[in-house]
Amino acid sequence: MHITVVGTGYVGLVSGAGLADFGLNVTCIDCNEQKIRDLRQGKVPIYEIGLQEILGRNVKNNRLSFSTDLKSAVQRSLVIFIAVGTPEGQNGEPDLSQVESVARSLGEYMDEYKVIVIKSTVTIGTGRWVRNVIEQNQRKKVKFDMVSNPEFLREGSAIEDFMRPNRVVIGTDSDQAAAIVKDIYRPLYLIETPFVVTNLETAELIKYASNAFLATKISFINEIANLCEKVGADIHPVARAMGLDKRIGPKFLHPGPGFGGSCFPKDLVGLAKTGQKFGCQMRIVESVLEVNKNQWQFVVQKIEQALDGLADNRIGVLGLSFKPNTDDIRESPAVSICKRLTEGGAHIQAYDPVAIPNAKRILNEERISYCDSAYEAASGCDALLIATEWNEFRNIDLERIKSSMRRPIIFDSRNIFEPEKMESLGFKYFCTGR
Ligand SMILES: NC(=O)c1ccc[n+]([C@@H]2O[C@H](COP(=O)([O-])OP(=O)(O)OC[C@H]3O[C@@H](n4cnc5c(N)ncnc54)[C@H](O)[C@@H]3O)[C@@H](O)[C@H]2O)c1
């Protein structure tokens, strides 16, 4: 079976590679010509563990190719996955212009029955809207079916998540399309992956509801961590004991500077907007966003208080991506904190294992210098902030860090160190909720 995946970002590229690994013939399409040129030369435009290998393997087997020619890809494919970006639009609702542009082209190019699968995260009702856009642009009135197949992969473990998902959601009104999409994911039956087959709107809402629930856990534990600091409690045993309750579960109960990334913030805003549109206010979702907006600002306040102001302080920042194992800095709390620190007059020495090239595009002011290691970032600083919990920071030589700093002050927003140990090493140590 021939498949086209439109959009070769984090989701499209991983999905394209994964589907090719399932044995399908996949063409990955992007309108960014440079990206396609790079991919054809074996250069992977994003950092994702295992991606290079899986891409290489499937290109070599002739199951995976890259192109900007949507027309011929569509005409030889039975199924077209839409995996383009749906960033937050001006009014908070997702900007569906990339999806719309693809839909128009699909209408123009389709010449026989096709299954159009929306993998991008979209507002509820988008599947039906895309159907209309395609119909309005159809040159040849052929039959086609719409499917919503939201993606749940996590950056940093995207390949593993795609190849071994917790579930596959297929939303459609067509039995034929459901059967075709199920067939695509057939290798997952062998590992007993649960399938949820439902209608379009339900599938679209499953994605929003899942992300909103995970984000709720994060904002919830962050609020409890803030309370811990006031009442003299320790968030770690609180979260652990909560997580041991099987009805709660241990995941997403780690306090920190708030959630970021290209999904949670915009998807929650999108869900809140959808609620408003249908006269059904999403109060919990709105509160989760509000808590999150404040959480990274608490980190800045702590730094400001401890250093008696920000001006002319030199602050080392470890980690810029929104979470470890990715180079994605979209909505990263680390980036928001850096911006605020420099606005207050601080100088930043930043280090991240992979996200510096992306960070340089949006954080390029004079007050920020980029370093080649955590040690270089700490050197001569008045304070060091752990903003993203990359594993390499956990095993850092703390004695060496301390001796190179002007003042031994650490703000560990991700709680990667133990307070007792840090104090015994002579650091003034601030963490979250302990
Ligand atoms: N990143 C994640 O972890 C993740 C997880 C689950 C779902 N999602 C959702 O998946 C979608 C894609 O996210 P992403 O992070 O991969 O986005 P991205 O911005 O990394 O990639 C989008 C790609 O689409 C391309 N594109 C845009 N318009 C196009 C067009 N008309 N024709 C061809 N290509 C076009 C862009 O050039 C880009 O390469 C979003 O809706 C997102 O919310 C993302």
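The values are calculated or read from the model by the stated rules, or taken from the named source; none is laboratory data. Bear in mind the structure is a predicted one, so any value in this text is a computation, not a measurement. Positions of Cβ are generated from backbone atoms using ideal geometry, with glycine treated the same way; all protein chains shown enter the neighbour counts.
A few notes on this one:
- Within the option set LEU106, LEU188, LEU153, being part of a loop (DSSP other than H, G, I, E, B) and outside the structural domain of ILE329 (by TED's automatic domain parsing) holds for one residue only, LEU153.
- TYR109 vs. criteria among the aromatic types (Phe, Trp, Tyr) and in contact with a helix residue (DSSP H, G or I) (Cβ under 6 Å, 6 or more places away or on another chain): yes
- Any chance GLY7 is of a type in the set (Gly, Ala, Ser), within 11 Å of the ligand (Cβ to nearest atom) and in contact with an Asp or Glu (Cβ under 7 Å, 6 or more places away or on another chain): yes
- Count - residues of region 82-102 that are in a loop (DSSP other than H, G, I, E, B) and either within 16 Å of the ligand (Cβ to nearest atom) or in contact with a Cys (Cβ under 8 Å, 6 or more places away or on another chain) (or both): 10
- Residue within region 157-164 that is among the small types (Gly, Ala, Ser) and assigned to a helix (DSSP H, G or I) present: yes
- Meets criteria (more than 20 Å from TYR208 (Cα to Cα), part of a loop (DSSP other than H, G, I, E, B), without any contact (Cβ under 8 Å) to a residue 24 or more places away in the chain and not hydrophobic (A, V, I, L, M, F, W, C)) for LYS141: yes
- Residue in region 245-254 that is farther than 22 Å from GLY433 by Cβ and within 16 Å of the ligand (Cβ to nearest atom) present: no
- Test: residue in region 73-81 that is within 10 Å of the ligand (Cβ to nearest atom) and without any contact (Cβ under 8 Å) to a residue 60 or more places away in the chain: no
- ILE170 passes every criterion in (1) away from the ligand (no atom under 16 Å from the Cβ); (2) under 21 Å from ALA103 (Cα atoms); (3) in contact with a strand residue (DSSP E or B) (Cβ under 7 Å, 6 or more places away or on another chain) apart from (1).
- Single match in PHE322, PHE264 (criterion: surrounded by 24 or more Cβ atoms within 10 Å (Cβ to Cβ) and in contact (Cβ under 8 Å) with a residue 24 or more places away in the chain): PHE322
- Selection status of ALA377, aliphatic (A, V, I, L, M), within 25 Å of the chain's Cα centre (by Cα) and either assigned to a loop (DSSP other than H, G, I, E, B) or surrounded by 15 or more Cβ atoms within 10 Å (Cβ to Cβ) (or both): no
- Scanning region 45-74 for residues that are outside any helix (DSSP H, G or I) and over 13 Å from ALA20 (Cα atoms) yields PRO45, ILE46, TYR47, GLU48, ILE49, GLY50, SER67, THR68, ASP69.
- Test: residue in region 282-290 that is surrounded by fewer than 20 Cβ atoms within 10 Å (Cβ to Cβ), closer than 24 Å to ASN358 by Cα and either modelled with pLDDT of 95 or more or out of contact with any Cys (no Cβ under 9 Å at 6 or more places or on another chain) (or both): no
- Residues located in region 380-396, provided they are under 30 Å from the mean Cα position of the chain (by Cα) and assigned to a loop (DSSP other than H, G, I, E, B): ALA387, THR388, GLU389, TRP390, ASN395, ILE396
- In region 10-44, residue nearest to the ligand (Cβ to nearest atom) [restricted to those that are part of a loop (DSSP other than H, G, I, E, B) and of a type in the set (A, V, I, L, M, F, W, C)]: CYS31
- When VAL115 is tested against the conditions (1) outside any strand (DSSP E or B); (2) of a type outside the set (Phe, Trp, Tyr); (3) in contact with a helix residue (DSSP H, G or I) (Cβ under 8 Å, 6 or more places away or on another chain), the lone failure is (1).
- Whichever residue in region 397-434 is within 26 Å of the chain's Cα centre (by Cα) and not in a strand (DSSP E or B) and, among such residues, is farthest from GLY256 (Cα to Cα): PHE417
- Summed over region 53-108, the residues that are modelled with pLDDT of 95 or more, acidic (Asp, Glu) and under 20 Å from the mean Cα position of the chain (by Cα) give a count of 1.
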